[in-house]
Amino acid sequence: MADNGACCSGSNLVVDVNNEEDNEDPGEFEISHWNEDAEDEETNDSNIGAFSQDADTISYMDTSLFLEFPKFSKGFKASDFNEFVQKYVGEENVVRLENWGHPNVWLMQVENEEIRENLLRMWKTKIKSKTCWIKPYYEYELRGFLHWLPHFVSDDDVKTQLAQFGDVILLENETHEYWNGQIMSDVRYFGLRLKDGMVKNDLPHFLKFDGYRTLVIVRGRQPACFHCREFGHSKRDCKRYKERLDKYCKNPETSRPRTKPRGRRHKPVSDNENDDEGNKHQDKAKSNSASTNLAQKDAKHVKSCLKRTCSLKKPADDKKSKEILAILRSLKEWEECTVEMMEQVLSNIETNLMHSILPKITETEDESSVLLIETMIKTSVNQMKQITISMIKQTLNNLRNIVVKHFGLDSNEPLEKLISNFEATKEEKSRQKEVRFVE
């Protein structure tokens, strides 16, 4: 791809504009490949650049752009761009469309600068299901965005700041389509032609406008990472950030809690040289304070290590024992509640029978028959009570066997014995003495 002229490091191309013998039309120029005589020609400061800066050359540069596909893409024809041209350009506005040196790079020249700028704003499109990037003719012409910039910062101040890197082509607020029309956002869209010898990586990622830090995003340049503070990738592609999230999701309890507020992710840009001196004094003061507190930190570290080594380690099955104790207690509570409820129900049945049957019998039968019937009612209720209690105990025993088998406990011990053993173990752990150090 041509870069800053026909004579470039990537492809040695030479422009022959003044040779009228080979060109029938003197107003049209040709780009020929390597010219052996060009090595012996002395460089002229007025001719450094892509083309001699005449009106035709400037018009050609301002109306041309590149359509670039992914690397190693090939097999494209001019007819593949028909749908794209009809939708965004118009066939009558296309002056030139041809392959440019590589199978994945195409050159397009349009009628005017307005159409070219509209295409550059698109930045990329789809041609035959392949991503196609739309780039300016020369790499020193940039398009980008300014984020985090307050709306009250004037465009003149922004242009003045950007002018130190080159000529500002355009600067305007980005607009978004809403149901009630277009609304301007705080993001500024800019076009810039860099100075001679500068490349897009020379433009800083952060700038200050009236004391406000602004993020500079240039199309085609690798972004800055807000997590690891390195350049070349974004936060969503940061390996360290993904590893941290993966580690936290697998074991969130091991993540160290934040004790300080989140600070700036990038080093602030100094407005003058005095800031650097102030930073040096601050660093010196911090180092002095750190050295004075070093002995205290070491003492605390040694004390904490001794406490860890001298204190009794918690068994690995503490959590398991608590779970078993909770299950056994729940079984015991279930037995007590069920027996109590059953006794209450049988007592109500006995009371109802006594109040409903005995008054009717006493009117017709003698006293001995009444006593016999009363005895039969009480005996039946007691038998029902014994049968129900035995069923409850059998169910409780089955549940206890399931718990014992699941946790591998001693199956010969009754439920009360198991609960008392676990409670005794818990009390012994709570009575353990702490190791104290004399300061």
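Which value, in nm² and rounded to one decimal, describes the direction-averaged projected area of the C-alpha convex hull of the range 345-390?
On the way: hull surface 11.8 nm².
Its Cα hull, projected and averaged over all orientations, spans 3.0 nm².
Return the long-range amide H neighbours of ASN173 (sequence gap of 5 or more, or a different chain), with a cut-off of under 5 Å between placed amide H atoms.
Excluding prolines and chain starts, which carry no amide H, the hits are TYR189.
How long are the three semi-axes of the equivalent ellipsoid of the range 67-114, in whole Å, if each is the root of 5 times an eigenvalue of the C-alpha gyration tensor, listed from largest down?
Numbers: eigenvalues 81, 27, 15 Å².
Rounded to whole Å, the semi-axes are 20, 12, 9.
Which of THR131, LEU65, ASN93 sits farthest toward the positive end of the charge dipole of the range 53-147, with +1 on the Cβ of Lys and Arg and -1 on the Cβ of Asp and Glu?
Of the candidates, THR131 comes out farthest on the positive side.
Please report, in whole Å, how far the alpha carbons of the range 126-174 spread along each principal axis, starting with the longest.
44, 23, 13
Local charge sum around GLU83 (other residues, Cβ-Cβ under 15 Å, Lys/Arg +1, Asp/Glu -1)? Walk me through the numbers before you get to the answer.
Numbers: positive: LYS77, LYS87, LYS126, LYS128, LYS130; negative: ASP80, GLU91.
Surrounding charge for GLU83 is +3.
Across the range 131-147, in residue order, what do the Karplus-derived ³J(HN,Hα) couplings come to in whole Hz, using 6.51 cos²θ - 1.76 cosθ + 1.60 with θ = phi - 60° and x for Gly and Pro?
Each residue of the range 131-147 in turn: 5, 10, 8, 9, 10, x, 5, 10, 6, 6, 9, 10, 10, x, 9, 10, 9 Hz.
Laboratory data are not the source of any read-out in this text; all were calculated from the coordinates shown. The model shown is predicted, which means the values in this text are computed figures rather than measured ones. Please note: Cβ atoms are built from the backbone with ideal geometry, for glycine as well, and neighbour counts cover all protein chains shown.
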